[in-house]
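Worksheet: one structure, shown below.
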Amino acid sequence: MPAQKVAFVAGAMGGMGAAICQSLARDGLRVVAGCPRDYRFKDEWLAMQRALGFEFMSEECELTDGGQFD
């Protein structure tokens, strides 16, 4: 059985990001939704996506901090 592909979507919790996450999930990918650190609407966004039938993981990150990925 092949491993499930994973997609990380930066800025996922905006309008276009949510649409991208949903599209990738429909295509069978496991989606990690990226958001800024301490994003206050993260739990609300995840709950709204669950209500729509999507189960995303989330990761807080700052893409301008290159050291975060070392």
Tell me which of VAL9, PHE54, PHE41 sits at the most positive position along the dipole axis of the chain, charges placed on C-beta atoms (Lys, Arg +1; Asp, Glu -1). PHE54
If you line up the Cα atoms of the chain on their principal axes, what length do they span on each, largest first, in Å? 34, 30, 17
Considering only DSSP states other than H, G, I, E and B, which GluC sites (Glu not before Pro) in the chain qualify as loop sites with at most 15 other Cβ atoms within 10 Å? GLU55, GLU62
Rounded to the nearest 5, what is the percent of antiparallel bridges among the DSSP beta bridges in the chain? 0
Tally Lys and Arg at +1 and Asp and Glu at -1 over the other residues with C-beta under 14 Å from the C-beta of ARG50: what net charge comes out? -2
Ignoring ligands, DNA and RNA, please state the percent of accessible area on the chain from carbon and sulfur, probe 1.4 Å. 55
So between ARG50 and THR64, what do we pick up on full extension, going 0.36 nm a residue minus the alpha carbon distance? 2.1 nm
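Using the heavy atoms of the protein chains alone and a 1.4 angstrom probe, what is the accessible area of the chain per residue in square angstrom? Display every interim value, and only then the final one.
Working: 4850 Å² over 70 residues.
So the chain comes to 69 Å² accessible per residue, rounded to a whole number.
The values are calculated or read from the model by the stated rules, or taken from the named source; none is laboratory data. From a predicted model like this one, the values you see are computed outputs, not experimental measurements. As a convention, Cβ positions derive from the backbone with ideal geometry for all residues, glycine included, and neighbour counts pool all protein chains shown. Heavy atoms of the whole protein, side chains included, go into the accessibility calculation; ligands, DNA and RNA do not. Shrake-Rupley method; radii C 1.70, N 1.55, O 1.52, S 1.80 Å.
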